[in-house]
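Here the structure comes first, spelled out in structure tokens, and everything after it is commentary.
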Amino acid sequence: MKLFDVYPLFDVNIVQGKGCHVWDDKGQEYLDLYGGHAVISIGHAHPHYVEAISKQVAKLGFYSNSVINKLQQEVADRLGAMCGYNDYQLFLINSGAEANENALKLASFYNGRTRVISFAKAFHGRTSLAVEVTNNPKIIAPINDNGHVTYLPLNDTDSMKAELAKGDVCAVIIEGIQGVGGIQLPTNEFMQALRQACDENNTVLILDEIQSGYGRSGKFFAHQYAGIRPDLITVAKGIGNGFPMAGVLISPKFTPVYGQLGTTFGGNHLACAAAIAVLDVMKEENLIENAAHVGSHLIEELKKFPQIKEVRGLGLMIGMEFAEPIKELRQRLLFEQKVFTGVSGTNVIRLLPPLCLSMTEADEFLSRLNNVLTK
């Protein structure tokens, strides 16, 4: 059987990782400035993480959600305390798209509406509702194109208020920082106006922090820069440092009903062990503060490169926009300089390294980038 050929692949077989470095099957070392799409939060093969999941799988990897799993409550307690949402509820699932699916369902259960506001360049996943609120018609199949969504320009307060004032909007879904869209930041003023407008019109505010959350922006959640509290927050990627896991943080305004939501694998014992280990390391090694510190340094230094048209981002979620397509530049970084980076569209390189990236490693990246930009 062949693999379904939907991924364009670099001819590199990564077989090992440690911290912010990975190695291929030929023994070549690479500096990882992408973290597998922002998934690697505490670094590859962190010893505490390895020990935690090894011990758990030796005892019990999985049992169903029909019995008590005290590890789930430990995740909820630890996450609530660290992110500042201890009064919220937590529903655990497996992926970011699944988190957004459940958030949108909860919103519709809450107010009985079906119309959703999303934004230009938004990306929220590839399953039914999640892909419908993603602003990319190339990946929305006809069966998903059900007319639920109105796309608005990001940071256009007037158009946002006008749509919400119609009184029929179920939910607004917005990324804390747009990732696939090219590291586009909603302004604090827009986020504050959005929160107020949602309150005034009984519309549910969903913050997609799947890529921008878990410390990546230099705060636990990127929306915390605006000082707002969403009704629903979706998380994934960094929550398990590579183990598939996701969650929805649910405000007290929502009352759970038996059978309303469900999952087979979500919140399983092994996933919870991974998530607890991630929170341990984030706290003990001050990784959120590190992301803010090292990220600020990177952004400041990147802005000095005349070849870069614009640098955007917060913490260790950074976009470098060039006037010309970056395909060749990204390939040279990988194959000549041995650095993994990401991409958005044709002109933006994305940096999403593990949150443990050191100043030394950041400066090494800057040196390697300079090599390809000046030669």
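The values are calculated or read from the model by the stated rules, or taken from the named source; none is laboratory data. On a predicted model such as this, the values are computed, not experimentally measured, just so you know. Methodologically, a virtual Cβ is constructed for each residue, glycine included, from the backbone with ideal geometry; neighbour enumeration extends over all protein chains shown. Protein only, heavy atoms only, side chains kept; ligands, DNA and RNA dropped before computing areas. Shrake-Rupley method; radii C 1.70, N 1.55, O 1.52, S 1.80 Å.
With +1 assigned to the C-beta of every Lys and Arg and -1 to the C-beta of every Asp and Glu, and no other charges, what is the dipole magnitude of the stretch 195-306 about the Cα centre in debye, to the nearest 20?
It comes to approximately 120 debye.
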Could you name the lysines in cross-link range of K26, using Cα to Cα under 29 Å and dropping any fewer than eight places away on the same chain?
K2, K18, K237, K327, K338, K375
With all protein chains present and a 1.4 Å probe, the order of D168, D208 from largest accessible area down is D168, D208
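Is the stretch 130-259 rounded, prolate or oblate when judged by the Cα gyration tensor, a ≥ b ≥ c being the square roots of its eigenvalues, rounded requiring a/c under 1.5 and prolate requiring a/b larger than b/c? Walk me through the numbers before you get to the answer.
On the way: a/c = 1.24, a/b = 1.14, b/c = 1.09.
Verdict is rounded for the stretch 130-259.
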Distant alpha-carbon pairs in the stretch 102-183 (separation over 14 angstrom), percent:
61 percent
Neighbour net charge for A165 - beta-carbon separation under 11 angstrom, K R +1, D E -1:
-2
To the nearest 10 square angstrom, what accessible area does I288 show with a 1.4 Å probe?
30 Å²
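Could you state the per residue volume, in Å³, of the convex hull enclosing the Cα atoms of the stretch 208-247?
52 Å³
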What distance in nm separates the simple spin-label points at T255 and H293, each placed 7 Å from Cα in the Cβ direction?
4.8 nm
What distance in nm separates the simple spin-label points at K105 and D25, each placed 7 Å from Cα in the Cβ direction?
3.9 nm
Semi-axes of the equivalent ellipsoid of the stretch 217-292: what are they in whole Å, largest first, if each equals the square root of 5 times a C-alpha gyration tensor eigenvalue?
24, 20, 9
Enumerate the amide H contacts of L355 below 5 Å, restricted to partners 5 or more residues apart or on another chain; note that Pro and chain-start residues carry no placed amide H.
I42, G43
Nearest-20 debye value, the stretch 208-263 charge dipole, Cβ charges on Lys, Arg, Asp, Glu:
120 debye
Expressed to two decimals, the chain has a Cα Rg over Rh, using the Kirkwood radius, of 0.96
In Å and on Cα atoms, what radius of gyration and Dmax does the stretch 228-375 show?
19.0, 62
R126/M1 FRET efficiency (R0 30 Å; Cβ-Cβ; nearest 0.05):
0.85
Which whole-Hz ³J(HN,Hα) couplings does the stretch 226-243 yield from phi under the Karplus relation 6.51 cos²θ - 1.76 cosθ + 1.60, θ = phi - 60°, glycine and proline marked x?
8, x, 10, 10, x, 7, 9, 10, 9, 9, 6, 5, x, 4, x, 6, x, 7
Can you give me the long-range amide H partners of A246? Hydrogens built in the peptide plane at 1.01 Å from N, cutoff under 5 Å, separation of 5 or more residues or another chain.
I93, N94, S95, G267
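With all protein chains present and a 1.4 Å probe, how do F221, F62, F123 order by accessible area, largest first?
So, going from the largest accessible area down, we get F62, F123, F221.
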Once you list every other residue whose beta carbon is under 13 Å from the beta carbon of A99, what net charge do they have if Lys and Arg are +1 and Asp and Glu are -1?
-2
Starting from the Kirkwood radius over alpha-carbon pairs of the stretch 1-79, derive D by Stokes-Einstein at 25 °C in a medium of 0.890 mPa s and give it in µm² s⁻¹.
154 µm²/s
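Out of all DSSP beta bridges with both ends in the chain, state the antiparallel percent to the nearest 5.
Numbers: 30 of 47 bridges.
That works out to approximately 65 percent antiparallel.
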Projected label distance in nm at A141 and N188, using a 7 Å step from Cα toward the beta-carbon
4.4 nm
Length gain on complete extension for the stretch K59 to D280, per 0.36 nm per residue less the alpha carbon to alpha carbon distance?
77.5 nm
Amide H contacts of V343 (H built 1.01 Å from N, under 5 Å, at least 5 apart or other chain)
R350
What does the charge count around T263 come to, taking other residues whose C-beta lies under 12 Å from its C-beta (Lys +1, Arg +1, Asp -1, Glu -1)?
-2
Which residue, V50, V311, V257, has the most motion in a Gaussian network model of the chain that connects Cα atoms within less than 10 Å?
V257
Alpha carbon centroid spacing (whole Å) that separates the stretch 304-343 from the stretch 102-139
30 Å
